[in-house]
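Heads up, the thing below is written out as structure tokens.
Read the figures in this text as sums done on the coordinates, not as results from a lab. Note that the structure is predicted; figures quoted are calculated from it, not measured. A quick note on method: Cβ atoms are made from the backbone with ideal geometry, for glycine too, and the neighbour counts reach across all protein chains shown.
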Amino acid sequence: MHFQLTKEFLEELRIAAQAEDKAWIDEHIVVLHFADIAELLDELTNEQAKFVYFHLDEDIQADVLMELEEDVRDRFLKSLSSEEIAVQLENLDSDDAADILGDLSNKEIQEVISFMTDEEAAEDIVDLLNYHEDSAGGMMQKEFIQARLDWPVDRCLVELRRQAEEVEKVYTIYVVDELNKLVGVLSLKSLLFSTPKTLVSDLYKSKNVISVKTTDSDESVARVMEKYNLVAIPVVDFQNKLVGRITIDDVVDLIKEEADKDFQLASGLSEKVDSNASVFRMSRARLPWLLIGMIGGTFSAQVISTFELSIGKIPALAFFIPLITAMGGNVGVQSSAIVVQSLAKGNQFNTITSKLLKETLIGLLNGIICSLCILGIASAFSDLRLGITVSVALFVVIVFAAVMGSMIPLIMNKYKIDPALATGPFVTTLNDVLGLFIYFSVGMLLFDL
């Protein structure tokens with residue numbers, strides 16, 4: 001049955017944790033799914049969370065730890081000694097342990113590693129720390145199942161049972177040669193239905209084995225796994241030696257993090273924050289783009305002041321300023337969002353160029369339709385000349401905003417700047433300023449000012 005967190009249950013938990021009521025914890029908390037327990041710990045104070053956490057079985061502690069909100073987990077770990085952290089890391093998969101250690105200082109990492117009793121696990125974690133966190137090597141885990149080409153089935157089963165003790169989820173059996181180079185995959189069904197002395201070399205499949213290099217970016221890994229519908233993918237070094245695997249749960253976490261980051265950038269937040277962040281941190285994340293918007297507004301005001309005499313002669317021009325800025329900003333964001341989406345999917349230049357041309361044609365079509373609509377509306381409430389002025393200006397602004405909205409993310413991507421910035425305040429502010437300039441320039445031209 002799905003667990004529903006209520007205020008009443010949370011209050012009972014806080015009272016039990018404060019009173020260190022182990023019987024209540026055993027009856028109501030230990031029986032829950034680890035994701036539900038993590039949700040509860042997110043709502044407790046650090047001391048209350050520690051009491052509940054250390055009352056859990058060791059095999060579930062690791063799952064709960066990785067399900068905690070990042071800020072809560074960081075605060076929780078900071079309250080532990082290096083020895084206590086070392087114990088927790090030994091219960092984690094190597095990739096999760098490396099992620100936690102990667103947030104510590106070099107001195108703290110050395111202290112934690114020195115307290116680890118499982119030397120093999122410690123070596124795996126240290127090895128993972130040598131890879132960039134945004135690479136396949138930084139994402140992979142060292143726990144996987146492999147079989148040698150020259151093993152007979154009976155020995156293979158024995159070896160796989162031994163290896164499976166360290167692997168929580170078995171997705172694929174990878175086949176390697178005597179140099180540990182990846183050569184293919186082995187079906188569990190073919191293994192179970194073969195005679196004991198049949199060699200793995202007679203059973204494995206070597207065609208269409210998908211793998212990634214340790215230096216491949218995490219985004220390229222996500223694209224490959226999405227394209228081929230994989231739940232796990234092997235990671236090899238430059239000699240094609242099998243060094244790890246990446247599982248679907250890590251890719252899902254990556255996709256979620258990237259989506260959250262892009263959404264926040266598009267919303268004008270310069271760093272990752274959540275609803276539980278401090279007032280200072282949330283203010284720091286929002287302020288840079290507010291200042292940029294303010295500066296952009298100042299430029300817009302400057303553009304308006306430049307055409308002050310024209311507005312004085314034709315006051316009705318001022319009525320349509322909000323329309324011009326709103327339409328330019330909306331069209332720019334729509335166009336940039338399409339291009340950013342293409343870049344995120346790793347589309348080639350030819351595909352992106354075709355999208356750029358398509359966005360321009362869409363801008364032309366939408367510009368014609370919107371300009372004809374505003375021509376009728378403006379002419380009905382004012383004179384025909386003003387209607388033509390607004391109509392022509394709106395057409396130019398829409399086409400210009402569509403082109404700029406498509407070009408800006410491409411330029412940002414070329415210079416290694418996150419193109420998601422182009423879908424937020426940046427492109428809106430730019431289109432506001434340039435849209436007003438276009439509008440008043442067309443007005444001066446058509447009214448002979």
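A straight Cα-to-Cα reach below 23 Å connects Lys22 with the lysines Lys7, Lys50, residues fewer than 8 places away in its own chain not being considered. Look at the Cα gyration tensor of the stretch 279-446: its axes a ≥ b ≥ c give a/c of at least 1.5 with a/b at or below b/c, and that counts as oblate.
Summed over qualifying helices (DSSP H, 4 residues or more, each -39500 (n - 2.57)) and divided by its residue number, the chain shows a 222 nm mean residue ellipticity of -20500 deg cm²/dmol.
Sites count as exposed loop sites when they are GluC sites (Glu not before Pro), lie in a DSSP loop, and have at most 11 other Cβ atoms within 10 angstrom; the longest stretch of the chain without one is 179-449. Within the chain, the whole DSSP H helices whose Cα atoms reach 20 Å or more along their own axis and whose mean Kyte-Doolittle score is at least 0.5 are 279-306, 321-344, 349-381, 384-414, 425-446.
Taking amide H as placed 1.01 Å from N in the peptide plane, the amide H of Val175 sits under 5 Å from that of Ala147, Val183, Gly184, Val185, Leu186, each at least 5 places away or on another chain.
Summing Lys and Arg as +1 and Asp and Glu as -1 over all other residues whose Cβ lies under 13 Å from the Cβ of Ser217 gives a net charge of -3.
Tally the DSSP beta bridges in the chain and give the antiparallel ones as a percent, rounded to 5.
On the way: 14 of 20 bridges.
Just about 70 percent of them are antiparallel.
Going through the cross-link list Lys169/Lys227; Lys207/Lys256; Lys169/Lys416; Lys207/Lys227, which pairs have a Cα-Cα distance over 25 Å in this structure? Write down the numbers at each step before the final one.
Values: Lys169/Lys227 22 Å; Lys207/Lys256 32 Å; Lys169/Lys416 37 Å; Lys207/Lys227 17 Å.
Checking Cα-Cα distances, Lys207/Lys256; Lys169/Lys416 exceed 25 Å.
For Cα extents along the principal axes in Å, the candidate list reads (i) 72, 50, 37; (ii) 91, 65, 43; (iii) 92, 62, 45; the entry that matches the value derived from this model is (iii).
Between Arg75 and Asp249, residue separation times 0.36 nm minus the direct Cα-Cα distance comes to 60.3 nm. Among Ile125, Ile411, Ile113, the largest mean-square fluctuation in a Gaussian network model of the chain, built with springs joining Cα atoms closer than 10 Å, belongs to Ile411.
So, with +1 on the Cβ of K and R and -1 on the Cβ of D and E, and no other charges, what is the size of the charge dipole of the chain about its Cα centre, to the nearest 20 debye? Could you put the intermediate results ahead of the total?
Numbers: 37 positive and 69 negative charges, 680 e Å.
Taking the Cα centre of the chain as origin, the dipole is about 3260 debye.
How about the stretch 162-237: which chymotrypsin sites (Phe, Trp or Tyr not before Pro) there are in a DSSP loop, with at most 13 other Cβ atoms within 10 Å of their Cβ? Passing both the DSSP loop test and the Cβ count: Phe193.
Reported to the nearest whole Å, the Cα centre-to-centre distance from the stretch 97-128 to the stretch 352-417 is 55.
Summing +1 for each Lys or Arg and -1 for each Asp or Glu, what net charge is found among the other residues whose Cβ lies under 12 Å from the Cβ of Ile314?
Working: positive: Lys313, Arg385; negative: Glu308, Asp383, Asp448.
Summing Lys and Arg as +1 and Asp and Glu as -1 gives -1.
Note: relative contact order over the chain, using C-alpha pairs below 8 Å and six or more positions apart, is 11 percent. Taking springs between alpha-carbon atoms closer than 10 angstrom, which of Gly138, Gly405, Gly102 fluctuates most in the Gaussian network model of the chain? In the Gaussian network model the winner is Gly102.
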